[in-house]
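Structure, as structure tokens:
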Amino acid sequence: MIKVGIDCHKLEDKTGAERAGIGRHTYKLIEILSRRPELKEHYRFYLYFKGAVPNNIPFLDNDIFVKRIAKLPFFFPFFRPSFNVFFHIALPIYALKDRINVAFFPSFMLPAFFMSKSVVVLTNDIYYEFTKGTLPLKYRIGYKLFANWAARRATQITTQTNASKNEICEYFNIPKHKIVVVPLGADLAQFAPSAHEKGDYILYIGQAFPRRHLAETMSAFAEIAAEFQDLNFIAVGVDKYNPPRIDKLAEEINKQLGEQRIERRNFVSDEELTSLYQKARLFIYVSSSEAMGLPPLEALAAGTSPVVADTPTTREIFEDRAFFVPAKEGEYTPLAIANVLRSALRDENKNRYIKDGREKILGKYTWERHTDLMIKLFSETAKK
């Protein structure tokens, strides 16, 4: 029996707002594991939570899972310990007590005092964030310390594309044989195209880190708004600029345009998310650095053409089934984004080509395939 520990603290937010990025990855992996009854003969998955086991995720009740709230004894049940206490002290202690064979950490870090075998996700974009990003200093320091700790001490590193593998080999000085590429997936059933006509908006989904250039994209929309009078812009995601600037910029552009053409939301439900993807005229996600970036792939699954930065990662994933924004001296300017948006909105043949060829791309990126590869990785790492 192989005991696999999984850090699940990102699943604890009851609103689901934290289930983007790392949270979505963890959620989908556990969901697919719960559908594999044949695994019970050889595996148990120990799910470690910081404060409480979520009561709104029904598949957690599957008996393939052993759920743990990792707290030190002197914390009262009603008191939520800090992340650092949970991650660096309590979780390693519980993993030792449970005699875990291998533990999975999707949050780009390895706990300081973790002693067992481990699989850690590392990405080029987390390196970008602690070297060039604008996260608060304590987060940048934490990521820098414990992502580098993972690079040196984790039993196995995993990332999501070959392009990301090449970059993290360089950034973290990791030999290639220590890194396994395990692509994420798009939920093809949830995001299948609908029979409804396309709406009158361009869509952005994702936490708004500066590297994803939402501010430049909104300015680009302002540049083309007069040419496309029926078109709006919807931006969904928490503002991660430091200090925050997206809501104020949306107000300024709407005032400049004389009407509410840009709509801002921090979070939408899964049902709203699906509908937004399906009805968008275009999806835009111009990111300087991503290991993969799920939202453009989910948009493609919904039958909506993605507009993405022209990077090795996006070329690897989408081949020629997307619209690509070129960088000028490493920068993605509003002018460059506006030019590609104009082309994408008018090029019906390219949009049809992208939609007709979506299955060729999406077949490589499913959560079922991701889970198969992760199970294999857990097994191989446990036996090292």
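The values are calculated or read from the model by the stated rules, or taken from the named source; none is laboratory data. In this text the structure is predicted, and so the values were computed from the model without any measurement. Here Cβ is always computed from backbone atoms with ideal geometry, including for glycine, and neighbour counts include all displayed protein chains. Calculation scope for accessible area: heavy atoms of the full protein, side chains included, ligands and nucleic acids excluded. Shrake-Rupley method; radii C 1.70, N 1.55, O 1.52, S 1.80 Å.
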Quiz item: Name the pairs whose Cβ atoms lie under 6 Å apart, with the first residue in segment 159-175 and of a type in the set (Lys, Arg), the second modelled with pLDDT of 95 or more and outside any helix (DSSP H, G or I), and 6 or more positions between them or separate chains?
Solution: 165/159; 165/179; 165/181
Quiz item: Only one residue in 50, 97, 67 is over 19 Å from residue 374 (Cα atoms) and touching a Leu at 6+ places or on another chain (Cβ under 6 Å), so which one is that?
Solution: 67
Quiz item: For segment 219-314, which fully contained helices (runs of 4 or more DSSP H) count at least 2 residues that are surrounded by 20 or more Cβ atoms within 10 Å (Cβ to Cβ) and touching a Pro at 6+ places or on another chain (Cβ under 9 Å)?
Solution: 270-279, 294-301
Quiz prompt | Test: residue 364 is under 20 Å from the mean Cα position of the chain (by Cα) and not in a helix (DSSP H, G or I) | solution = yes
Self-check item: residue 4 being open to solvent by less than 20 Å² (accessible area, probe 1.4 Å) and modelled with pLDDT of 90 or more
Solution: yes
Quiz item: How many of the residues making up segment 359-384 are among the β-branched types (Val, Ile, Thr) and open to solvent by less than 10 Å² (accessible area, probe 1.4 Å)?
Solution: 3
Exercise. Return the only residue of 199, 206 being closer than 16 Å to residue 304 by Cβ and touching a Pro at 6+ places or on another chain (Cβ under 8 Å).
Key: 206
Practice problem: Test residue 354 against the criterion of being assigned to a helix (DSSP H, G or I) and in contact with a helix residue (DSSP H, G or I) (Cβ under 7 Å, 6 or more places away or on another chain), and give yes or no. | Solution: no
Exercise. Kindly provide the set of residues from segment 198-221 that are touching a residue at least 40 places away in the same chain (Cβ under 8 Å) and hydrophobic (A, V, I, L, M, F, W, C), ordered by number.
Key: 202, 203, 205, 209, 218, 220, 221
